[in-house]
1. Test of understanding: among Lys6, Lys11, which residue is modelled with pLDDT under 75, surrounded by 10 or more Cβ atoms within 10 Å (Cβ to Cβ), of a type in the set (Lys, Arg) and over 30 Å from Glu133 (Cα atoms)?
2. Out of curiosity, is Ile86 within 17 Å of the chain's Cα centre (by Cα) and of a type in the set (Val, Ile, Thr)?
3. Within the range 88-95, does at least one residue satisfy the condition of being modelled with pLDDT under 95, more than 30 Å from Ala135 (Cβ to Cβ), surrounded by 13 or more Cβ atoms within 10 Å (Cβ to Cβ) and among the β-branched types (Val, Ile, Thr)?
4. Does Glu64 satisfy the criteria of being in contact with a helix residue (DSSP H, G or I) (Cβ under 7 Å, 6 or more places away or on another chain), at pLDDT below 95 and closer than 27 Å to Tyr166 by Cα?
5. Given the residues Pro51, Pro22, which is the only one that is of a type outside the set (A, V, I, L, M, F, W, C) and assigned to a loop (DSSP other than H, G, I, E, B)?
6. Could you go through the range 33-41 and let me know if any residue there is of a type in the set (A, V, I, L, M) and surrounded by 15 or more Cβ atoms within 10 Å (Cβ to Cβ).
7. Hey, among Lys103, Lys154, which residue is more than 30 Å from Val47 (Cβ to Cβ), touching a residue at least 12 places away in the same chain (Cβ under 8 Å) and surrounded by fewer than 14 Cβ atoms within 10 Å (Cβ to Cβ)?
8. Go through (1) out of contact with any Cys (no Cβ under 9 Å at 6 or more places or on another chain); (2) surrounded by 13 or more Cβ atoms within 10 Å (Cβ to Cβ); (3) in a loop (DSSP other than H, G, I, E, B) for Gly67 and report which single condition fails.
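The values are calculated or read from the model by the stated rules, or taken from the named source; none is laboratory data. Since this is a predicted model, take the numbers as computed values, not measurements. So basically every Cβ, Gly included, is an ideal-geometry build from the backbone, and we count neighbours across all protein chains shown.
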Amino acid sequence: METKTKRRRIKDLNFWEKIYIPELIKGLSLTLRTMFKPKFTMEYPEVKFDPPGSYRGRPVLVQEENGVERCVACGLCSRVCPALAIEVQAAETELEKERYPEKFEINMIRCIFCGFCEEVCPEEAIVMSKDYELAFTNREEAIYGKDKLLVPVKNLQDRIDFLRQYK
């Protein structure tokens, strides 16, 4: 019985299908069509890429216009990080938010830019920025503290608007 079904399958193919000519012609036509389309090449060091609001660059902390960071040091970002790249130490404050991050560090070598920290943050305090140029000469430079992470809210407004659109 098996030989009959195999023979039927072989008999279903005509001569051109057996020698794969139609597939060869389809593949060559696709290659020729794409070969003569205009090319798009960005000359990177001279011309910078302006990413859209959905782009996930390096994570940064949002700094309000009055100079205070939004983070309340809840530690959710460090717990959800699959690469264990975030370290947060909380301290008490006299302000209405009661807590702030005394130490907030992200190891950029370990960060995988997944955006989980951004999704879990209840205060929209950590946001994936548009920064994509990361170069380090040693490991100490790759550990970003609050001095490198704090970015004014006006520089991140398009990303925050994008996040609010899907909440």
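1. Only one candidate passes the filter, namely Lys6.
2. So Ile86 fits the description; yes.
3. yes
4. Judged against the criteria, Glu64 is a match.
5. Within the list Pro51, Pro22, the selection yields Pro51.
6. No, the range 33-41 has no match at all.
7. Step by step, each of Lys103, Lys154 is checked, and only Lys103 is more than 30 Å from Val47 (Cβ to Cβ), touching a residue at least 12 places away in the same chain (Cβ under 8 Å) and surrounded by fewer than 14 Cβ atoms within 10 Å (Cβ to Cβ).
8. (2)
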